[in-house]
1. Taking region 2-31 as the search range and keeping residues that are open to solvent by 50 Å² or more (accessible area, probe 1.4 Å) and away from the ligand (no atom under 16 Å from the Cβ), which one is modelled with the highest pLDDT?
2. Please work out which one of (1) more than 16 Å from the ligand (Cβ to nearest atom); (2) surrounded by fewer than 20 Cβ atoms within 10 Å (Cβ to Cβ); (3) at pLDDT below 90; (4) more than 15 Å from the chain's Cα centre (by Cα) is the condition residue 66 fails and give its number.
3. Does region 70-107 hold any residues that are farther than 20 Å from residue 263 by Cα and open to solvent by less than 40 Å² (accessible area, probe 1.4 Å), and which are they?
4. Anything in region 32-53 that is open to solvent by less than 60 Å² (accessible area, probe 1.4 Å) and either modelled with pLDDT of 95 or more or at positive phi (or both)? List them, or say none.
5. Here are some conditions: (1) within 24 Å of the chain's Cα centre (by Cα); (2) over 27 Å from residue 250 (Cβ atoms). Residue 28 meets all but one. Which one does it not meet?
6. Within region 69-85, can one find any residue that is within 16 Å of the ligand (Cβ to nearest atom), hydrophobic (A, V, I, L, M, F, W, C) and without any contact (Cβ under 8 Å) to a residue 40 or more places away in the chain?
7. Regarding residue 77, is this residue out of contact with any Gly (no Cβ under 8 Å at 6 or more places or on another chain), farther than 30 Å from residue 133 by Cβ and of a type in the set (S, T, N, Q)?
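The values are calculated or read from the model by the stated rules, or taken from the named source; none is laboratory data. Note that the structure is a prediction, hence the values are computed from the model and not measured. Cβ placement follows ideal geometry from the backbone for every residue including glycine, while neighbour counts extend to all protein chains displayed. SASA here: full protein model, heavy atoms, side chains in, ligands and nucleic acids out. Shrake-Rupley method; radii C 1.70, N 1.55, O 1.52, S 1.80 Å.
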Amino acid sequence: MEEKCPYCGSCHVKRNGRSGNGKQRRLCLACGRSFVKETHTVFASRKLGEEKFRMLIALIIRDATVETISECLGVLSKTAYVWRMKLYGCFAGYQKSLVLKGKVWIDETMFPVSGGKICFGEGGRKLRGASRNQTVVCAGIDRGWHRIAFVAGRGHISSARCLEVYGPHVERGSELVHDGTFSHDRLVKEKGLKGTTCKSTVKSFRPLMKPIDDFCAMIKRNKVIHMGGMDDYLQNYLDWITFKPCLRSLKMDEKIRKVEAYCFHSRVVFRVKDRYCGIMQQHFGKIIEYF
Ligand SMILES: [Zn+2]
């Protein structure tokens, strides 16, 4: 881990004894502030011991439910829940520069929106019927284990929205395998893609869509397990699952290290109660009941 001052970025730092809980403290010679390795990272608020915390990360990697984590580690459900939220939050930037290439599959998958909300589509028009209560996720994969998944809005998405969401993440000239939805046409045209259409109504074409079908099914399954009816941090969850292929074929301790390193370097810092105050108040009781 590089020794840079988290306040001013200077490398002129020196060791400066230990903090109350035994962590190596450093002093910045440029700005005069002292810090520990975790300062200005998501780990700054960690109270669990090192071993327990590593187990917590392992369980999150294995997609354990909040209830499982709470039971295995003897921590409050709320603690397990909050840490999962925090870790997911560190991966917010992960997909931004991801570009699928070669043979690329895309598809949209719909989630029912949890009750009670008034739903507006693009341009603020009120959505009607079935589409009104659906959140659309645009998903894509390629053969190189790259995956993308973005919340794209409510109801069916337009050609413009489709281009906006997928466009930056599909390399020009790639082959695009899709279900022939008309809103994909503009994407195919403007990115110079070679479109291969597999209509869901034609049975024999369905195997061609299997890779993306499997990915969408996985998103759906885990979404239900992890969030119940909670949509507010669906994107955070999607960011996390697009990162997960990076961990494949690693041993668990290497996976934990990689996740920790990513979180450190992401420099994402937030207190759950700041970012999700409303959500915690509104949903937390409900979420716990669900599990
Ligand atoms: Zn400094």
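1. 18
2. Unmet condition: (2).
3. In the first step, residues of region 70-107 are kept if they are farther than 20 Å from residue 263 by Cα; the result is 70-78, 99-107.
Scanning region 70-107 gives 70, 73, 75, 77, 100, 104, 105, 106, 107.
4. Passing the criteria: only 32.
5. (1)
6. no
7. It is false that residue 77 is out of contact with any Gly (no Cβ under 8 Å at 6 or more places or on another chain), farther than 30 Å from residue 133 by Cβ and of a type in the set (S, T, N, Q).
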